[in-house]
1. Whether any residue in region B:32-49 is farther than 30 Å from B:Pro248 by Cβ, surrounded by fewer than 24 Cβ atoms within 10 Å (Cβ to Cβ) and of a type outside the set (Val, Ile, Thr) is what I want to check.
2. Scan A:Ser239, A:Ser223 and give me the residue that is over 25 Å from B:Ala104 (Cβ atoms) and polar (S, T, N, Q).
3. Of the conditions (1) more than 14 Å from chain A (Cβ to nearest Cβ); (2) open to solvent by 10 Å² or more (accessible area, probe 1.4 Å); (3) over 16 Å from the mean Cα position of the chain (by Cα); (4) more than 25 Å from B:Ala15 (Cα to Cα), B:Ser199 clears all except one; give me its number.
4. Got a number for residues in region A:134-151 being touching a Ser or Thr at 6+ places or on another chain (Cβ under 9 Å), open to solvent by 40 Å² or more (accessible area, probe 1.4 Å) and β-branched (Val, Ile, Thr)?
5. Can we say B:Gly90 is open to solvent by less than 20 Å² (accessible area, probe 1.4 Å), over 30 Å from A:Pro303 (Cα atoms) and modelled with pLDDT under 95?
6. Please verify whether A:Ala273 is over 22 Å from B:Leu125 (Cβ atoms) and open to solvent by less than 50 Å² (accessible area, probe 1.4 Å), treating the condition exactly as stated.
7. Just give me the residues in region A:45-83 being among the polar types (S, T, N, Q) and either surrounded by 19 or more Cβ atoms within 10 Å (Cβ to Cβ) or touching a Gly at 6+ places or on another chain (Cβ under 7 Å) (or both), in sequence order.
8. Out of region B:28-56, which residues are over 11 Å from the mean Cα position of the chain (by Cα) and assigned to a helix (DSSP H, G or I)?
Amino acid sequence: MSWVFFTEQFLNGFQLGILLFLLAAGLTLVFGIMDLVNLAHGSLYMMGAFFCAQFYDWTDSFLFAIVLAVPATFLLGILVEVVTLRTLYTRNHLDQVLATFGLILIFNEIVLLVWPLEGLSMPVPTYLLGSVNLLFGIEYPIYRLLIILVGLAVAVALYFLVGRTRMGMLIRAGASNRRMLGALGIDVKRLYTLVFGLGALLAGLGGMMMAPILSASSGMGESVLILAFVVIVIGGIGSIRGAFIGAIIAGVIDTMGRSFLDVFLLLFLPANAAEAAGPALSSMLIYVLMAAVLTFRPQGLFPAKTG
Amino acid sequence: MGELASLRTPRGIFATVILGLCAFMPVLAPALDEPFYITVFARIMIWAIAAVSLNLILGYGGMVSFGHACYLGIGGYVVGIMAFHGVTNGFIQWPLALLASGLAALVFGAICLRTRGVYFIMITLAFAQMIYYLSISVEKYGSDDGLTIDFRSEFGGLIDLEERTVIYYVIFFCLVGSLYLVHRVVNSRFGMVVRGSKSNDARMHAIGHPTYRYRLACFVIAGMICGLAGILQANLEKFVSPDMMYWPRSGELIFMVVLGGMGTLFGPVAGALVFLLLADTLSGFTEHWHIIFGPFLILVVLFVHGGIDGLLGRREAAGG
């Protein structure tokens, strides 16, 4: 276990964290403001990946693909909100969970119908291939580094959007008292639609950036979605800051656990036991972390005060 | 309780017909020249047991568990793993499997029940995924591919599960037993506290009921009944796999309960029956049957209040 490998894995974990943040941010906004549990958020991530891969197929340009896929997921999000989710705001969480579960089934099946082959893949653009030399001889792929930078930029932009703009003010106001907001003459319906579209865009962006690494496939959203739930629980529902820190913690711990837990266990256990327990334990690690957070801080690490 | 007492209401007739179908299927199916239906109904009854157990916490207790299928997996895997190691005695397998699912429910419930609402949904889902990933990562027991069970549980020659009719009636007996157990639990003082805590936990607490403990006990009972369904499934299919507890299974269980009618004794059985027959029929038409099933699910959630039970007429406002 060299220190170079260690840093590399740490960065990989950080990159997973960024991806989780893109999903968790939308989930937590939508939940904080509209009180809506949206299981289909992972489907929007999946659709982002498919749009990106499809547009790349048509235009042969990564940049064009992204530029087209971003508004596409935004519009798709708005469409989903207007057609189905709008009726769910006044329902209880159980109905929301079931109806959005139905949406997942539909999206996964649509994807299988439209792209019947085993998924849709696209290459990393050539100008982003290769790796850069970070400090101390640590090489890291440019593309993954770019994902991290984009994610950080999104985090900063969201922070300003929610904290410093008029729209952010409305979002925060909506989270604390939506009736009052409506009574003051704000078109709450439109605000909800916009916020949902924004969440869809963020999830889709995550999917687009992962498309060259993972290749788009039906059902790819679900495992990420459940991790994003864990992130929200750790970070505290409704808080962007909590979502960011929770996402980074979850991403790093999950990735590091998979790479180093068996080495770590070797210190206490005989070799064969460590080898058997390593993978099993590392897959459970972030859930154990979640349980621990819940036991000591049931509201999450950074419960929302402002939304 | 009204729903058991009167057989003349549409609700009573419907319940009688379904239970009757289940009871006489081993005779009916060969007569109709469709012996395959025996297995179909055995599967339906196993899912019905799981749905009945979920209904106990979801319908009566208001606990929206999105990870209930994991107890199905735990019950099944205990049977599978013991059989893998050569322990096929049902008198050892079954109690241990029930114990394991109860223990898991105790640990998960103790943590989940500290929270409410949407947290509860997410956390139950996350714990179920944890068990799912655990089952995938253990290569010794088949990981992704699952574990084939060579011999069904043996009960020292008393009950021979290898006989098709015998295992069918064992499952039927377990279903009736679960229904009776839930009926008794729900109408006991214990059940009243749990149901009271669903509508107003603070008030139940204020009049002196330690609701956390009551709800946890209820959660464990539900986990164990679902574990029983897992035991039966492992025995019927002679196979367990991580797919048994993959999260869509939990979603489907919730849908069965909602489709049948939450918080009604018989609803989950009707829900399981309709769900599985519909899934069977639709998947016969097209492999993309989810494209029809998804909208159906959404429409049921949006427009059918009270599920099948609600369609059978208004519920008498009788006490309880």
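The values are calculated or read from the model by the stated rules, or taken from the named source; none is laboratory data. These numbers were taken from a predicted model, which means no experiment stands behind them. Methodologically, a virtual Cβ is constructed for each residue, glycine included, from the backbone with ideal geometry; neighbour enumeration extends over all protein chains shown. Just the protein is used for accessible areas: all its heavy atoms, side chains included, with ligands, DNA and RNA removed. Shrake-Rupley method; radii C 1.70, N 1.55, O 1.52, S 1.80 Å.
1. Narrowing region B:32-49 to residues farther than 30 Å from B:Pro248 by Cβ: B:32-33.
Checking which are surrounded by fewer than 24 Cβ atoms within 10 Å (Cβ to Cβ) leaves us with B:32-33.
Checking the rest, the ones that are also of a type outside the set (Val, Ile, Thr) come to B:32-33.
Yes, there is a match, as at least one residue in region B:32-49 is farther than 30 Å from B:Pro248 by Cβ, surrounded by fewer than 24 Cβ atoms within 10 Å (Cβ to Cβ) and of a type outside the set (Val, Ile, Thr).
2. Only one candidate passes the filter, namely A:Ser239.
3. (1)
4. 1
5. Details: open to solvent by less than 20 Å² (accessible area, probe 1.4 Å): yes; over 30 Å from A:Pro303 (Cα atoms): yes; modelled with pLDDT under 95: yes.
It is true that B:Gly90 is open to solvent by less than 20 Å² (accessible area, probe 1.4 Å), over 30 Å from A:Pro303 (Cα atoms) and modelled with pLDDT under 95.
6. On the way: over 22 Å from B:Leu125 (Cβ atoms): yes; open to solvent by less than 50 Å² (accessible area, probe 1.4 Å): yes.
Here the answer is yes, as A:Ala273 does meet what is asked.
7. A:Gln54, A:Thr73
8. From region B:28-56, those over 11 Å from the mean Cα position of the chain (by Cα) are B:28-43; that's our starting set.
Of everything in region B:28-56, those that are over 11 Å from the mean Cα position of the chain (by Cα) and assigned to a helix (DSSP H, G or I) turn out to be B:Leu28, B:Ala29, B:Pro30, B:Ala31, B:Phe36, B:Tyr37, B:Ile38, B:Thr39, B:Val40, B:Phe41, B:Ala42, B:Arg43.
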